[in-house]
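Throughout, read-outs are computed from the coordinates displayed, never taken from laboratory work. Just so you know, these numbers come straight off a predicted model, no measurement behind them. Positions of Cβ are backbone-derived with ideal geometry, glycine not excepted, and every protein chain shown enters the neighbour counts.
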Amino acid sequence: MQHRSVVEELRERCRRCRVVRLFDPWGSPLCTCPPKYSLHPYTGCSHLCLYCYATTYMGFRRSVPKKGFLEKLRRDLKWLDHRFVINMSTSSDPYPPEEAIHRLTRETLKLLLPAGYRVLITTKGSLVTRDTDLLLEGNAAVTITITTLDREVAAKMEPGAPSPRERLDAVEKLASEGVPVGVRIDPIVPGVNDDPGELRLLVREVFSAGARFIVTSTYKARPDNLSRMASAFPELKEAWRNLYRVRGRWMHGYWYLEEPLRIRLLEPVVSEASRLGMEYAVCREGFRNPRFLRARSCDGSHLVPLRVKPGGSRWPG
Ligand code: SF4
């Protein structure tokens, strides 16, 4: 109840904003994220992941900086509540290759972090390490998505994104410098990156690189992303049709796999993370079993430290 009234208040204030939004993944009741804002300096995404969920409304196209973004953001700030995390970004990537030229995400961090806002970066872009200096000075944490260690599979499924090795190196660099960092193993796609041994190895690799939190989820199909996936993996087209459209279930805008299969796909990640003493969560699976959430938040919001007070002075210590 209290959660709902907080969300309603944030939503009301966000109505006046031009670029900051209240995070609300199509109103899905399966989302367990704490209330937070979402912010996207870019529209479109040059990482061009075939399974991307956001392409239904943003299109399957390269990243373009939003016009007048920083000016609009400056005006939005007065409506924001410092207690809630700003997630950059939930449906595009803040570190596409274009960021090396435009530096829009960097400028955004320069605006938010010294003023004590709490920022959670979600990215596949290894360029995030360029901004370690800013991240270390503010209330900031990073989650990096790595779906597989297999370079060829990644290149096929996420053709515009850095290789798995580059992303692992980014995790290592951030963690070794002191930036709190988690990893998203998301999505796990049946037949593509679901080998249990490889998933366990991936968990061990990200743990060795310094990640202490993992969020994972199974691939939920939408008509546009399933058709892209089927074109790239024609040998799996019929199996996916059966698993998603015949045996699966349409829920909240996606075809979901049957629950026992989703549990089986997630099990290697969850059990290995648990064995290593990592925090972990699953994303939008709707499981009641508490075994699938062993972290203070499902999205990594809890990783964001409190270093700077609202307004800019530093917390002691
Ligand atoms: S990085 Fe994220 S937003 Fe960009 S294409 Fe991939 S899934 Fe979509």
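Note the angle between two axes, namely the Cα long axis of helix 196-209 and the longest principal axis of the Cα atoms of the chain, as a number of degrees from 0 to 90, rounded to the nearest 10.
Taking the Cα atoms of the chain, the angle to 196-209 is about 20 degrees.
To test your reading of the geometry: what angle, between 0 and 90 degrees and rounded to tens, separates the Cα axis of helix 2-14 from the longest principal axis of the chain?
The angle comes out at about 70 degrees.
Under a point-charge model restricted to the Cβ atoms of Lys and Arg (+1) and Asp and Glu (-1), what is the dipole moment magnitude of the chain relative to its Cα centre, in debye to the nearest 20?
Around 1080 debye, computed over the chain.
Which translational diffusion coefficient, to the nearest whole µm²/s, is obtained for region 86-217 from the Stokes-Einstein equation, given a Kirkwood hydrodynamic radius over C-alpha pairs, 4 °C and 1.567 mPa s?
For the chosen part, D equals 87 µm²/s.
Return P(r) of the chain (all Cα-Cα pairs; 10 Å bins starting at 0; whole %; ordered from short to long distances).
Percent of pairs per bin, in order: 6, 27, 37, 23, 6, 0.
I want the antiparallel fraction of DSSP beta bridges within the chain, as a percent rounded to 5.
On the way: 11 of 35 bridges.
If I count the DSSP bridges inside the chain, around 30 percent turn out antiparallel.
Placing unit charges on C-beta atoms (Lys and Arg positive, Asp and Glu negative, everything else neutral), compute the dipole magnitude of region 10-107 about its Cα centre in debye, rounded to 20.
The calculated dipole for region 10-107 is roughly 440 debye.
Using only C-alpha positions, report the orientation-averaged shadow area of the convex hull of region 150-221, nm², one decimal.
Mean projected area of the Cα convex hull: 4.9 nm².
Taking 28 Å as the cut-off for C-alpha to C-alpha distance, list the pairs among LYS110/LYS220; LYS67/LYS156; LYS67/LYS173; LYS72/LYS124; LYS78/LYS110; LYS36/LYS110 that go past it. Mind dumping the intermediate values first?
Values: LYS110/LYS220 35 Å; LYS67/LYS156 31 Å; LYS67/LYS173 32 Å; LYS72/LYS124 26 Å; LYS78/LYS110 16 Å; LYS36/LYS110 20 Å.
Pairs exceeding the cut-off: LYS110/LYS220; LYS67/LYS156; LYS67/LYS173.
Quick one: if you stick a label point 7 Å off each Cα along the C-beta vector at TRP79 and GLU259, how many nm between them?
So the two model labels end up 3.9 nm from each other.
I'd like the orientation of helix 164-177 relative to the chain: the angle between its Cα long axis and the longest Cα principal axis, in ° from 0 to 90, rounded to 10.
Helix 164-177 and the main axis of the chain meet at about 40 degrees.
If we sort 28-39, 43-54 on the protection proxy, mean other Cβ atoms within 10 Å, highest first, what's the order?
43-54, 28-39
Please compute the contact order of region 2-303 in relative form: average sequence separation of alpha-carbon pairs under 8 Å and at least six residues apart, divided by the residue count, as a percent.
RCO, region 2-303: 16 percent.
Between region 61-90 and region 256-317, what is the C-alpha centre distance in whole Å?
24 Å
Any chance you could run the full-extension gain for MET251 through SER208? It's 0.36 nm times the residue separation minus the Cα-Cα distance, nm to one decimal. Before the final figure, lay out the partial values.
Values: separation 43, 0.36 × 43 = 15.48 nm, distance 3.63 nm.
Once the chain is fully extended between MET251 and SER208, it gains 11.9 nm.
I need VAL7, VAL308 ordered by Cβ neighbour count within 10 Å, fewest first.
VAL7, VAL308
Need the C-alpha centroid separation for region 98-140 versus region 172-186, integer Å.
14 Å
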